[in-house]
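Take a look at the structure below.
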Amino acid sequence: FYKNISSGKHIPEYRDRCFILGSDINIISHEKITPAKALEIDENCCLVAELSDGERVVLNSGEISIRRV
């Protein structure tokens, strides 16, 4: 897949292998902990999470740390 990553053909496999989807998580950013639920992987391979107030956030590698609750 990595040889042709721009095609996006790897995304379904990436989603299937993602172990965090459906889990309650803590988003840890700048020493702030925000509870959320891991919902899906978007078309850019970012994690979409829903906060307790219903707001959805898109998280990218390097921005945050996540921990299962």
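Exactly one of (1) modelled with pLDDT of 90 or more; (2) under 10 Å from the mean Cα position of the chain (by Cα); (3) of a type in the set (Gly, Ala, Ser) is unmet by GLY54. Its number?
Result: GLY54 fails condition (2) only.
Cβ-Cβ below 6 Å, separation at least six or inter-chain, first residue in region 43-57 and on the phi > 0 side of the Ramachandran plot, second in a loop (DSSP other than H, G, I, E, B) and open to solvent by 90 Å² or more (accessible area, probe 1.4 Å): which pairs?
Going by the 6 Å Cβ cut-off, there are no qualifying pairs.
I need the full set of residues from region 28-69 which are in contact with a Pro (Cβ under 8 Å, 6 or more places away or on another chain) and surrounded by 12 or more Cβ atoms within 10 Å (Cβ to Cβ), in order please.
LEU51
I'd like the full set of residues that are open to solvent by 40 Å² or more (accessible area, probe 1.4 Å) and in a strand (DSSP E or B), limited to region 16-25.
Result: ASP24, single match.
The values are calculated or read from the model by the stated rules, or taken from the named source; none is laboratory data. Fair warning: this is a prediction, and the values are worked out from it, not measured in the lab. Here Cβ is always computed from backbone atoms with ideal geometry, including for glycine, and neighbour counts include all displayed protein chains. Ligands, DNA and RNA are stripped out before the accessible areas are found, and what is left, the full protein with its side chains, is counted by its heavy atoms. Shrake-Rupley method; radii C 1.70, N 1.55, O 1.52, S 1.80 Å.
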